[in-house]
Amino acid sequence: MKIPKKQIQKHSSVKSTLRMTPISHKKGKGLPETAICKECKAVYHSKKWFLDEKLYEQKKALKDVHVVICPACKKTQENVPNGIVTLKGDFLKQHKEEIMNLVHNEDTRSKQYNPLKRIMKINEKGGEVEIQTTSAKLAQRIGSILFKAYSGEVEYKKHENMEFMRVEWRR
Ligand SMILES: [Zn+2]
C-alpha cells in the first residue's frame, strides 16, 4: 500500500498527528517469523499464535527467537478490554463457584482456538462480578452460555465499531 507522503504532510495538523500515534497494532504486522510472549508463553509461528508449553520450550531454546509481549498481554497491561461482562443477582451469589467454573471453562476453550481471545481480569465487588475480555465475541459467548445454562436475563450492548461489547447477565 502506497501512502502519498507529501499529501499527509500538507494536511497534517496537531490533531491528526496525535491520531497517527501507534496505539493499536495491525494484526501481526512487524512481527518476526517466530516469537514468544514472555508473559503468557504464547508462541507466534506461521502467522498464528499458539498456547502450547512444549512448543514454547522448543522455540525458547532457539538462538534467534524474538521475545515479545503478545497483543493479549499488552491489552491486559494497558487495561484496554474489548469486552466486559457483568454478572449480578442473588442466584449468582448462591451459585458463584459453579457459575465461575463455567466461565473459566469457556476461557480455556477460547484460548485453545485463539490464545489472543481470553479473559484478562475478573473483578468482584458488592456481590457483582466483572469479567474483562480481550475479545468482544468472547464476552458475548460468556453471556449466551450463562443464559443457556441458567436462564435469567442477558443484555448485549455492542459498540458502533463492533470491537467492543458490554454484556450484563442477571439472575
Ligand atoms: Zn502473552
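The values are calculated or read from the model by the stated rules, or taken from the named source; none is laboratory data. Bear in mind that the values here come from a model prediction, so they are computed numbers and not experimental data. Please note: Cβ atoms are built from the backbone with ideal geometry, for glycine as well, and neighbour counts cover all protein chains shown.
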Is it the case that Leu146 is part of a loop (DSSP other than H, G, I, E, B) and either at pLDDT 95 or above or touching an Asp or Glu at 6+ places or on another chain (Cβ under 8 Å) (or both)?
no
Single residue of Lys48, Lys27 found to be charged (D, E, K, R), within 16 Å of the ligand (Cβ to nearest atom) and modelled with pLDDT under 65:
Lys27
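Residues checked against (1) crowded, with 20+ Cβ neighbours inside 10 Å; (2) assigned to a loop (DSSP other than H, G, I, E, B); (3) more than 17 Å from the chain's Cα centre (by Cα):
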| position | (1), (2), (3) |
| --- | --- |
| Phe50 | no, no, no |
| Gln58 | no, no, yes |
| Ala72 | yes, no, no |
| Gln77 | no, no, no |
| Pro81 | yes, yes, no |
| Phe91 | no, no, yes |
| Met100 | no, no, yes |
Among the residues of the range 128-171, count how many are closer than 22 Å to Lys75 by Cα, of a type in the set (A, V, I, L, M, F, W, C) and touching a Ser or Thr at 6+ places or on another chain (Cβ under 9 Å).
7
Matching residues in the range 130-154 - criterion: being surrounded by 12 or more Cβ atoms within 10 Å (Cβ to Cβ) and over 20 Å from Ser110 (Cα atoms):
Tyr150, Gly152, Val154
What number goes with the only condition from (1) touching a Ser or Thr at 6+ places or on another chain (Cβ under 9 Å); (2) of a type in the set (Lys, Arg); (3) away from the ligand (no atom under 14 Å from the Cβ); (4) not in a helix (DSSP H, G or I) that Lys117 does not pass?
(3)
Of (1) touching a residue at least 60 places away in the same chain (Cβ under 8 Å); (2) within 18 Å of Glu163 (Cα to Cα), Leu87 fails just (2)
